[in-house]
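Peer 1: One structure, as structure tokens, below. Some questions next.
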Amino acid sequence: MILVEKCVINSEGNEVSEASKMSNLTGAKTGTNLPNQLEVVLCQDSNGRLDGLASTVNCDYTCHSDGQSEVVSQLCTRDADGVPGLNTGPAATTKNANCEGEDMYNFQYNFDEEEDDSDWEPSEKQMEVLKWFCVNCTMANVEGIGNCEVCGEHRESGILKHGFFASPYLPIDDVNQDVLPVTENCEDSCKQSCLSSSTAVGFDERMLLHTEVVMKSHPHPERPDRLRAIAASFATAGIFPGKCYPIPAREITREELQMVHSEENIEAVDITRRMLASYFTPDTYANEHSACAARLAAGLCADLASAIYSGHVKNGFAMVRPPGHHAGVKQAMGFCLHNNAAIAASAAEAAGAKKVLIVDWDVHHGNGTQEIFERSKSVLYISLHRHEGGRFYPGTGAANEVGSMGAEGYCVNIPWSREGVSDNDYIFAFEQVVLPIALDFNPDFTIISAGFDAARGDPLGCCDVTPAGYASMTQMLSALSSGKLLVILEGGYNLRSISSSATAVIKVLVGESSVIDTDDTVPSKAGLRSVLEVLQIQMKFWPTLETNFSELHSKWGSYVFQDTKKQSKKRRRTGLPVWWRMGRKRLLYHIWAKQLRAKSFCDYSFGC
């Protein structure tokens, strides 16, 4: 049950409100009977007509290491001009409903303002501490600081104009243009790409309209700037437009969606076209443009898959959002509305592919993709992700989840047991598990669910994969399916990390990346243990893995499984994970920022 406010706007634009409680709404297609996933409240005018969303839950999502979320509700209303904003009426002052900063801090910890505290002397008026949010990592910074204290990005960074090529330390006007790649003339390059390019790119600016209507205490990590930064990097590098074929965008049809999703999912997403703002889960938002964006993303992925499999283009990159791999048969969750990778696989099968491989290297397990194909023997799903015994979001993806109903072995999960996983662990898992199974499966078509939130510097993934690591994995997978490979964007929330990693991947697709030597890859102890666990389970279904397991176990088994206490020093926690776990409230961040301000940039970039 979530506290919301139902409001009625009269002809003068004044609000008459009555606090009420709303549980999940259930029902069919029209009126106020909405699918039970969607949590919204409609507004009526003086004549009783529905008038979009007048009030919606503004939930302050807090990411925990165990994947759970705390929710602090706020109220969002529209004024007489239809402009969304926070409710400042009497109902909004309900205790713990719309408090932040010192108020939230005092309420939670029961501090007395009259106590003598030399470290913090609250003034009579509430002090505004947060002044600007970093465009790169979205972390908050106090006024007077030119560079983000977490990632080092300049307040006026040019990353949205030049992508990761822009300097992180200088404002946009001071970027040295001489160090940037020369971009070809757009008109000439597009004509050239239509004639000669073998790599297709799917992108449409309408996907940028999918955004959270009212910012909470912190910008949502899944934001339009993610695509802007990637597009800027591609353009600055002269890759797209320039060397890639643009795929025209279209909205996926209802019939195509029904091949993957139930009517419940389709209706829940489609009905958001009539809403100013709505939430499927506390962290999965939608606005009036979200359904169109989700259908455009799915349509681009379907058309790219068809074009690649039919031979019109060699491979492709789907630069799309919202992401999709958490969206299951019925539910939208984890920032995802429709499952783009599953829809692409379905399109490839419709075009004639008998066997489709999906490799998901997003730092989170693709629970939606696994659910959709867990009983299928025509689609092999392999995921590499943080799991930590089910404590990392979404909690699924253990090594013993192998498929069901006769399709055992067609779901392969490689769960990491800790944060900080690097290139060596991923490449080692590819060499020992992913490629042997993929070669045995011999797919007709390969899809990468390419989340870049395991990249170095990402605020949610806290891992250490580099652009070179992503390029290596792409290169290994491009040898399958006669090169018929589709890369679909999933997560990734540090703009510099996601844009540099995506650029490294597309350079492999267009043939600009040199051959990368992956010999003598030595994994971490935790990574080796994870790989051995997967081999022991999956070799029952893929006998080709028995040799790898025997060799690794004879060489490393006694070292990996010895029962000794870990003596390694505990990693120091920086302001970044503390900021997410403690709710990102203004005063809390100010306190932590004061303590951490003297630390070096390296501590902030790679501490988690």
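The values are calculated or read from the model by the stated rules, or taken from the named source; none is laboratory data. All of these numbers come straight from a predicted model, not from anything done at the bench. Heavy atoms of the whole protein, side chains included, go into the accessibility calculation; ligands, DNA and RNA do not. Shrake-Rupley method; radii C 1.70, N 1.55, O 1.52, S 1.80 Å.
Peer 1: At 1.4 Å probe size, what's the solvent-accessible area of Leu509? Round to the nearest 10 Å².
Peer 2: 10 Å²
Peer 1: Kirkwood Rh, Cα Rg: Rg to Rh for the stretch 192-303? Kindly include the intermediate steps, with their values, before the conclusion.
Peer 2: On the way: Rg = 16.0 Å, Rh = 15.6 Å.
Computed over Cα atoms, the ratio is 1.03.
Peer 1: Oh, and also: Of Val260, Val213, which has the most accessible area and how do the rest follow, probe 1.4 Å? Walk me through the numbers before you get to the answer.
Peer 2: Details: Val260 15, Val213 45 Å².
Sorted by accessible area, descending: Val213, Val260.
Peer 1: His553 accessible area, nearest 10 Å², 1.4 Å probe?
Peer 2: The accessible area comes out at roughly 80 Å².
Peer 1: Using a 1.4 Å probe and ignoring any ligands, DNA or RNA, find the accessible area of Arg206 and quote it in Å² to the nearest 10.
Peer 2: Counting only protein heavy atoms, the figure is 100 Å².
Peer 1: From largest accessible area down, sort Lys314, Lys525; use a 1.4 Å probe on the protein chains.
Peer 2: Numbers: Lys314 110, Lys525 65 Å².
Largest to smallest exposure gives the sequence Lys314, Lys525.
Peer 1: Find how much the distance from Ser524 to Arg155 grows on full extension, using 0.36 nm per residue of separation minus their present alpha carbon separation; answer in nm with one decimal. All intermediate terms of the calculation are to be shown ahead of the outcome.
Peer 2: Details: separation 369, 0.36 × 369 = 132.84 nm, distance 3.65 nm.
Stretched out fully, the Ser524 to Arg155 stretch lengthens by 129.2 nm.
Peer 1: Subtract the Cα-Cα distance of Asp517 and Met259 from 0.36 nm times their separation in residues, and report this length gain in nm to one decimal.
Peer 2: On the way: separation 258, 0.36 × 258 = 92.88 nm, distance 4.05 nm.
Gain in length upon complete extension: 88.8 nm.
Peer 1: Further, regarding this structure: Do the alpha carbons of any pairs in Lys131/Lys216; Lys314/Lys507; Lys355/Lys507; Lys131/Lys161; Lys354/Lys484 sit beyond 19 Å of each other, and which pairs? Don't skip to the end; give the middle numbers.
Peer 2: Working: Lys131/Lys216 14 Å; Lys314/Lys507 14 Å; Lys355/Lys507 26 Å; Lys131/Lys161 23 Å; Lys354/Lys484 13 Å.
Over 19 Å apart, Cα to Cα: Lys355/Lys507; Lys131/Lys161.
Peer 1: Any idea what Rg and Dmax come out to for the stretch 194-539 if you just take the C-alpha atoms, in Å?
Peer 2: 18.3, 56
Peer 1: Which order do Trp556, Trp361 take by accessible area at a 1.4 Å probe, largest first? Intermediate results must be reported in sequence, preceding the final value.
Peer 2: Details: Trp556 80, Trp361 0 Å².
These residues rank, largest area first, as Trp556, Trp361.
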